[in-house]
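So the structure is just underneath, and the comments pick up after that.
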Amino acid sequence: MGKSIKSLRGMNDLLAETSEKFRHVVTVSEKVATRYGFKYIETPLLEETALFKRSVGESSDIVGKEMYQFTDKGGNDVCLRPEGTAGVVRSFIENKFDKRGGKEKVFYHGAMFRYERPQKGRLRLFHQFGCESFGEASVFEDISTIFMIRDIFNELNIKFKLKINSLGCQTCMPSYREKLTAYLEDKKDSLCADCHRRIETNPIRTLDCKIESCQQELSDAPKMADHLCEDCDSDFETLKRVLTKNGMEFEIDKNLVRGLDYYSKTAFEFVSDNIGSQNAIAGGGRYDRLVEFLGGKETPAVGFALGIERILDLIEIQESEKSGYYFGVLDEEYFEELFLVASQKRESEKVHIENKKRSLNKHLQNADKLGFRFCAILGSDEVQNGTIWIRDLQLKNDETFSIDSF
Ligand SMILES: [Zn+2]
Ligand SMILES: [Zn+2]
């Protein structure tokens with residue numbers, strides 16, 4: 001006997017007690033996304049490492065520290081996907097959707113992998129549901145995306161707050177970046193080591209530093225939302241106006257920069273007050289430059305992802321009503337007869353066949369405990385008369401049926 005093998009750190013089994021909630025999240029999300037015109041897509045869990053280096057950005061923590069990266073037997077540098085967008089965009093370009101009109105709306109869900117320190121709400125293996133809409137530059141597509149997430153959370157009965165920001169575009173971002181960099185250089189001595197690195201690679205990320213002293217130091221830093229060009233500003237105004245018109249509350253968070261390099265204009269995050277400090281439950285925004293970054297034809301795009309594990313604790317599933325049939329015998333010699341009848345019933349109903357003979361009372365208790373609505377019993381009387389005795393455990397009455405009609 002060898003030592004027993006355990007699952008890897010930060011990688012959990014999805015067991016029956018939570019899998020029902022998990023599937024509920026996926027089912028509701030799929031249903032809503034379909035209503036918004038999205039279609040299901042699946043991309044590989046394993047991709048070339050270069051894909052994530054180019055799309056997620058080498059300066060990000062995800063690529064810098066958290067990737068499940070290895071060399072496969074063919075010598076390829078590969079990586080388990082840390083997020084879903086990169087693979088979808090790779091596929092969009094590889095299948096030439098960018099050159100065939102460029103409009104495509106897809107949703108996906110599945111496992112993602114990040115090698116980080118496991119803590120509550122952060123696992124090394126986790127699951128996301130996400131949507132990507134290609135080919136629509138209008139801010140109304142951003143609004144539709146936000147409404148879609150609202151609809152998903154409403155159907156799941158999850159309370160949320162919406163935070164929005166604008167990250168600018170190629171016109172207004174570079175000059176803002178210069179302003180910010182100059183400001184950061186002045187403050188450099190009081191910033192953390194990560195922020196020092198960010199000043200070189202992606203200065204905007206300093207705004208989202210989790211270190212308290214950095215946050216204090218940077219509280220009066222120039223913000224992108226105050227330096228938007230006319231086009232970005234007008235889109236941001238439309239976004240705010242239409243959200244308000246539709247009764248959608250929001251908060252402007254000028255430090256909301258998202259973790260990834262390719263976002264532009266609209267950025268948003270849905271947060272929950274009920275799950276502790278890692279409180280983002282969905283996030284996304286516009287990424288008009290990513291398709292081009294990855295070698296495709298310039299295509300505007302907007303998308304989001306929601307973390308399934310993050311919201312499982314927020315979901316309450318009503319205890320399902322009693323359903324299905326429990327079959328049992330009072331004597332073993334009737335079992336083959338019972339097995340035949342029960343197997344036929346299974347063509348249309350959930351059925352449990354109890355393989356052991358028990359007393360009537362034990363069968364009834366057992367059926368009730370397992371959540372069945374009906375308890376069907378074969379004893380000597382029933383077999384002699386060609387009948388079966390059935391107790392409705394919900395209405396608490398019983399009846400005898402002829403096996404042929406049953
Ligand atoms: Zn702009
Ligand atoms: Zn910092």
37 °C / 0.692 mPa s Stokes-Einstein diffusion coefficient of the chain, Kirkwood radius on C-alpha pairs, µm²/s: 132 µm²/s
Between the stretch 203-282 and the stretch 1-46, the Cα center-to-center distance that results, in Å: 29 Å
Exposure proxy order (Cβ contacts within 10 Å, fewest to most) of THR85, THR206: THR85, THR206
Computed E for LEU46/GLU116 - FRET, C-beta separation, R0 22 angstrom, nearest 0.05: 0.70
Relative contact order (%) - criterion: Cα under 8 Å, at least six apart; region: the stretch 256-406: 16 percent
Paramagnetic reach from THR27 in the stretch 139-163 [backbone N under 15 Å; point 7 Å along Cα→Cβ]: 155-157
Chain lengthening between LYS99 and SER138 when straightened (0.36 nm per residue, less Cα-Cα): 12.1 nm
Folded to 0 to 90 degrees: helix 85-94 orientation relative to the chain principal axis, Cα: 80 degrees
For the stretch 207-349, alpha-carbon Rg and Dmax in angstrom: 26.8, 84
Length-normalised contact order for the stretch 220-319 - Cα pairs under 8 Å, 6+ apart - percent: 18 percent
Relative contact order %, the stretch 262-326, counting alpha carbon pairs below 8 Å whose residues are six or more apart: 27 percent
Extension gain (nm, one decimal) between ASP186 and TYR36, 0.36 nm per residue minus Cα-Cα: 49.3 nm
The chain - charge dipole about Cα centre, Lys and Arg +1 at Cβ, Asp and Glu -1, debye rounded to 20: 640 debye
J(HN,Hα) series, the stretch 126-131, from Karplus relation 6.51 cos²θ - 1.76 cosθ + 1.60, nearest Hz, glycine and proline x: 9, 10, 10, 10, x, 10
For the stretch 352-364, 3J(HN,Hα) per residue [Karplus equation, 6.51 cos²θ - 1.76 cosθ + 1.60, θ = phi - 60°, Hz, x = Gly/Pro]: 10, 9, 7, 7, 9, 6, 9, 6, 4, 4, 4, 4, 4
Degrees between helix 230-245 axis and first principal axis of the chain (Cα, 0 to 90, nearest 10): 30 degrees
Between 0 and 90°, nearest 10: helix 139-155 axis offset from the chain longest Cα axis: 30 degrees
Per-pair calculated FRET efficiency, R0 = 41 Å: SER4 and LYS362 via Cβ, rounded to 0.05: 0.75
Once the Cα gyration tensor of the stretch 268-349 is diagonalised, semi-axes √(5λ) in Å: 53, 22, 9
Per-residue HN-Hα couplings for the stretch 197-203 [Karplus 6.51, -1.76, 1.60; θ = phi - 60°; Hz; x = Gly/Pro]: 5, 5, 4, 6, 9, 7, x
In range of the label at SER320: residues from the stretch 344-380 whose backbone nitrogen is under 14 Å from the point 7 Å along Cα→Cβ: 349-352, 370-374
FRET efficiency, GLU20 to SER219 (Cβ-Cβ, R0 35 Å, nearest 0.05): 0.20
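Each value in this text was obtained by applying a stated rule to the coordinates, not by laboratory testing. All values derive from a computational prediction rather than experimental measurement. Glycine gets a Cβ as well: all are built from the backbone with ideal geometry, and neighbour counts include every protein chain shown.
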